[in-house]
1. Is the shape of the range 27-149 rounded, prolate or oblate, going by the alpha carbon gyration tensor and its root eigenvalues a ≥ b ≥ c, with a/c under 1.5 for rounded and a/b larger than b/c for prolate?
2. Just the ratio, please: alpha-carbon radius of gyration of the range 88-214 over 2.2 N^0.38 Å, N its number of residues.
3. Which shape class, rounded, prolate or oblate, goes with the range 135-194 when its Cα gyration tensor gives a ≥ b ≥ c as root eigenvalues, a/c under 1.5 marks rounded, and past that a/b bigger than b/c marks prolate?
4. Quote the charge dipole size of the chain about the Cα centre in Debye, to the nearest 20; the model charges only the Cβ of Lys and Arg (+1) and of Asp and Glu (-1).
5. If you line up the long axis of helix 115-124 against the longest principal axis of the chain, both from Cα atoms, how many degrees apart are they, to the nearest 10?
6. Using unit Cβ charges (K, R positive; D, E negative) and no other charged atoms, how large, in debye to the nearest 20, is the dipole of the range 1-96 about its Cα centre?
7. Work out the P(r) tail for the chain: percent of alpha carbon pairs separated by more than 28 Å, whole number.
8. Once you sort the root eigenvalues of the Cα gyration tensor of the range 1-94 as a ≥ b ≥ c, which label holds: rounded (a/c under 1.5), prolate (a/b larger than b/c) or oblate (the other case)?
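Where a number appears in this text, it was derived from the coordinates with a stated rule and is not lab data. Computed from a prediction, not measured in an experiment: that's the story for all the values here. All Cβ positions, even for glycine, are placed from backbone atoms using ideal geometry, and neighbour counts span all protein chains on display.
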Amino acid sequence: MTVETIDSAEAMRHAMVASQLRTNAVSDARVVAAMARVPREDYLPAEAKQIAYRDTALPLGRGRFQNVPIATGRLLTEAMLQATDRVLLIGAAGGYTAAVLAEIVTSVTAVESDPALAALARTALAAHANVTVVEGALEAGAAEGGPYDLLFVDGSIEKIPEALIAQVKPGGRVVGGVADQGVTRLAAGRKTEGGFALLPFADIDCVPLPGFAPPKSFTF
């Protein structure tokens, strides 16, 4: 990468922060600073690097997409991140959100089901000693590393399965995208001894994640 290319990427990254994040309620200064530091293009396949800072979902191949910056930024803000947090990230893709989280929290376990994306994430995150990339079914999580303070679903699903909720500590937080009849919303919740519920807080496009579709019922 040439000096000119690096300078251009840095300029686009700061433009993303100014025009996509600060103007859209991404108000946690730590999140803004981390997203201003982390080079998004480093966590994308070669064919997507030139469009790293577009305010749209970026194609990653095989039906997967990198989440929109504003969606990830709003989820990070709503997560109320703590420096001591141990985070379970579902939908690691190429590792971008894991890298942002790693700037703020103690540890990140990043789960990715696509082998090519998991390999990209491992390489791109090699310098982050506090991130572990787990290749496996997104809906299964990574119970061996739990329980976690935060479950972060970086995409939209119809319902968070009990298997993932079980990996969150009592009192732990959950943020993610929820798909409801073709509309995606960002939502947040907290696990308590009495149960768990997600409450939507913003209607924002959020990329779909595979593996969470409910089983189809038989019709006669």
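1. In terms of gyration-tensor shape, oblate.
2. 0.99
3. oblate
4. With Lys and Arg at +1 and Asp and Glu at -1, about 240 debye.
5. 50 degrees
6. Roughly 240 debye for the range 1-96.
7. Beyond 28 Å sits 23 percent of the P(r) for the chain.
8. Taking the square roots of the gyration eigenvalues as a ≥ b ≥ c, the range 1-94 is oblate.
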